[in-house]
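Novice: The following block contains the structure, expressed as structure tokens.
The values are calculated or read from the model by the stated rules, or taken from the named source; none is laboratory data. As the structure is a prediction and not an experimental result, all values here were calculated from the model. No Cβ is skipped: glycine too gets one built from the backbone with ideal geometry, and neighbour counts run over all protein chains shown. These area figures cover heavy atoms from the full protein model, side chains too; ligands, DNA and RNA do not enter into them. Shrake-Rupley method; radii C 1.70, N 1.55, O 1.52, S 1.80 Å.
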Amino acid sequence: MRRRDLLASMAAAGVGGGALTVTAGRAETVQFPAGFVWGTATSSYQVEGRGDRQADTIWDSFARAPGAIVDHSNGDIACDHYHRYADDLALMAKAGVKAYRFSISWARVLPTGSGGSDPRGLDFYSRLTDAALKAGIEPWVCLFHWDLPQALQDHGGWSDRLIADRYAEYASLMAKHLGDRVTRWVTFNEPNVHAIIGHGFGEHAPGLKSREAMFQALHHQNLAHGKGVQALRATGGDRFKLGTVLSLQPCRPADTAPASAAAAQLWDALWNRCVLDPPLLGRYPEALAEYTDDLVQDKDLAQIRQKLDFLGVNYYSPMYQKTDPAGLIGTGWGAVPEGMPRTAMDWPVDPQGLLDVLSDLRDHYGNPELYITENGACFAETVATDGRVDDAQRVAYLHDHIAVARRAIAEKVNLRGYFAWTIMDNFEWAKGYTAPFGLMHVDRATLARTPKASYDWFAKLAHSNTLPAA
Ligand code: IFM
């Protein structure tokens, strides 16, 4: 949806009622409900730096493989958040951010993935939690954002069903360690991306190109999610607010051929439904039964489908599909419609896609309590000599997606918060440091953080609870 159309559609929606005022196709005041959570997110491997972590993760190993990371970089230094977290939290607080979703590096607290813990790792997350609370920011702790301990990968990683039990032990350790101060827990970040891009396409760690490994990773992460929720509840009961975070993308046919429509549906089953349906509906999509049936044992689905308090949605763009006999499940990437704007990741910009995802959750998954736990964009940037970046394209991207989020609320989607991805430029996986998504620029030589125009814009939004003009 183009920006002009978006504003016109908001007007047409007639969702006034005082909260959202629209005049003649031009939004005047777009106000969010009181208590709407404005947050930001990071992940351990992308920002922390190695610090005194003793054990490798699969991303350390992957980054050593020639050609795996475009700029041959790694997360050894990243943003050195491990040492600079207090300053980073102060910058978040200044921007009006009230929630910070960060992830735990499993290998930092349990170097071999299970058994003996490292007190330095546990202490770090304790200090980070305390500092967040002191800054008036609620910690949202994510237990897994792709950096599996290498020691577990050496035992088969997500192909080994027993990893679900190791994960539950790890969840229990963290619940006991932080549960007196943390109530918001996220079991997984984008298990679908980790399974499909890391185990199917081999473009992320652990670098496997195997359909079998991909489905194993999907199912065993789902199982770990279910067992993890039970472990967390055993410690925190209903005081804990538990959820998972999924990357959800509308899957659309790349052209008008009926085969492309079927391909898009099949890819949707893999990308979206394989991680949505088991935890929320207790089943796998029928269309993929030939791959999942042998993996799913008695009682697995009951273990996976646990009561959740919220669902996190990471949204960036839609996907376009066509048939491809050589593809993982017989489908492949199709062309993005001509004229559709794209980010520097080549991802199509389509705020309407966010509404599609949220409406689907309202209509087909019981309208759970939702948070947009990631949204943001990467564009080519010019850094001024003082480190400032006038990232007008990012501001427009955020504006248009957040406007859609407000519209979704008006259309009865149970949306309670929005987390910008991400507070600062960081290690963008296979793209290394070449793909900035941050509201703050990070100088790679000095690691100095400089707020961009988007930081100022987001701060206005978070402080006023009202959408500023782009
Ligand atoms: O940087 C990633 C993040 O780790 C997971 N979601 C998408 C972001 C942008 O690619």
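Novice: Find the residue count for the range 307-329, including only residues that are under 24 Å from Gly376 (Cβ atoms) and part of a loop (DSSP other than H, G, I, E, B).
Specialist: Adding up the residues that qualify gives 4.
Novice: Has the range 437-455 got at least one residue that is open to solvent by 20 Å² or more (accessible area, probe 1.4 Å), assigned to a loop (DSSP other than H, G, I, E, B), within 11 Å of the ligand (Cβ to nearest atom) and in contact (Cβ under 8 Å) with a residue 24 or more places away in the chain?
Specialist: Start the filter on the range 437-455 by keeping residues that are open to solvent by 20 Å² or more (accessible area, probe 1.4 Å), which leaves 441, 443-446, 448-451, 453.
Now narrow it down to the ones that are assigned to a loop (DSSP other than H, G, I, E, B): 443-446, 448.
From the residues that got through so far, the ones that are within 11 Å of the ligand (Cβ to nearest atom) too are none.
So far as the range 437-455 goes, no, none of its residues is open to solvent by 20 Å² or more (accessible area, probe 1.4 Å), assigned to a loop (DSSP other than H, G, I, E, B), within 11 Å of the ligand (Cβ to nearest atom) and in contact (Cβ under 8 Å) with a residue 24 or more places away in the chain.
Novice: Would you check which residues across the range 70-114 are without any contact (Cβ under 8 Å) to a residue 40 or more places away in the chain and in contact with a Ser or Thr (Cβ under 8 Å, 6 or more places away or on another chain) and list them? Working first, answer last.
Specialist: Here is the first cut: in the range 70-114, the residues without any contact (Cβ under 8 Å) to a residue 40 or more places away in the chain are 76, 81, 83.
Scanning the range 70-114 gives a single hit, His81.
Novice: Just for helices (runs of 4 or more DSSP H) wholly inside the range 106-217: which have at least 3 residues that are at pLDDT 95 or above and surrounded by fewer than 22 Cβ atoms within 10 Å (Cβ to Cβ)? Break it down stepwise before answering.
Specialist: On the way: elements: 106-109, 119-134, 150-153, 163-178, 191-195.
Result: 119-134, 163-178.
Novice: Of all residues in the range 282-306, which are outside any helix (DSSP H, G or I) and either at positive phi or hydroxyl-bearing (Ser, Thr, Tyr) (or both)? Lay out the reasoning, then the answer.
Specialist: Of the range 282-306, the ones outside any helix (DSSP H, G or I) are 282-285, 293-299, 305-306.
Result: Gly282, Tyr284, Lys299.
Novice: Just the residues that are in a loop (DSSP other than H, G, I, E, B), more than 16 Å from the ligand (Cβ to nearest atom), crowded, with 16+ Cβ neighbours inside 10 Å and of a type outside the set (A, V, I, L, M, F, W, C), please, taken from the range 389-417.
Specialist: The one that is in a loop (DSSP other than H, G, I, E, B), more than 16 Å from the ligand (Cβ to nearest atom), crowded, with 16+ Cβ neighbours inside 10 Å and of a type outside the set (A, V, I, L, M, F, W, C): Asn414.
Novice: Do we have Arg211 as more than 24 Å from Ala68 (Cα to Cα), away from the ligand (no atom under 16 Å from the Cβ) and basic (Lys, Arg) here? Talk me through it step by step, then tell me what you get.
Specialist: Values: more than 24 Å from Ala68 (Cα to Cα): no; away from the ligand (no atom under 16 Å from the Cβ): yes; basic (Lys, Arg): yes.
No; evaluated as a whole, the condition is false for this residue.
Novice: Suppose we keep only residues that are over 14 Å from the mean Cα position of the chain (by Cα) and at negative phi within the range 418-432. Which one would you say is surrounded by the fewest Cβ atoms within 10 Å (Cβ to Cβ)? Step through it out loud before you land on a result.
Specialist: Taking the range 418-432 and keeping what is over 14 Å from the mean Cα position of the chain (by Cα), we get 424-427, 430-432.
Adding the requirement that they be at negative phi leaves 424-427, 430-431.
Working: Met424: 28, Asp425: 27, Asn426: 25, Phe427: 26, Ala430: 19, Lys431: 17.
In this case the residue turns out to be Lys431.
Novice: Within the range 310-329, which residues are open to solvent by 30 Å² or more (accessible area, probe 1.4 Å) and touching a strand residue (DSSP E or B) at 6+ places or on another chain (Cβ under 7 Å)?
Specialist: Narrowing the range 310-329 to residues open to solvent by 30 Å² or more (accessible area, probe 1.4 Å): 322-326.
Lys322, Thr323, Asp324, listed by residue number.
Novice: Can you tell which of Pro318, Pro325, Pro368, Pro337 is closer than 25 Å to Thr244 by Cα and away from the ligand (no atom under 16 Å from the Cβ)?
Specialist: Numbers: Pro318 fails: away from the ligand (no atom under 16 Å from the Cβ); Pro325 fails: closer than 25 Å to Thr244 by Cα; Pro337 fails: closer than 25 Å to Thr244 by Cα.
Exactly one of Pro318, Pro325, Pro368, Pro337 is closer than 25 Å to Thr244 by Cα and away from the ligand (no atom under 16 Å from the Cβ), namely Pro368.
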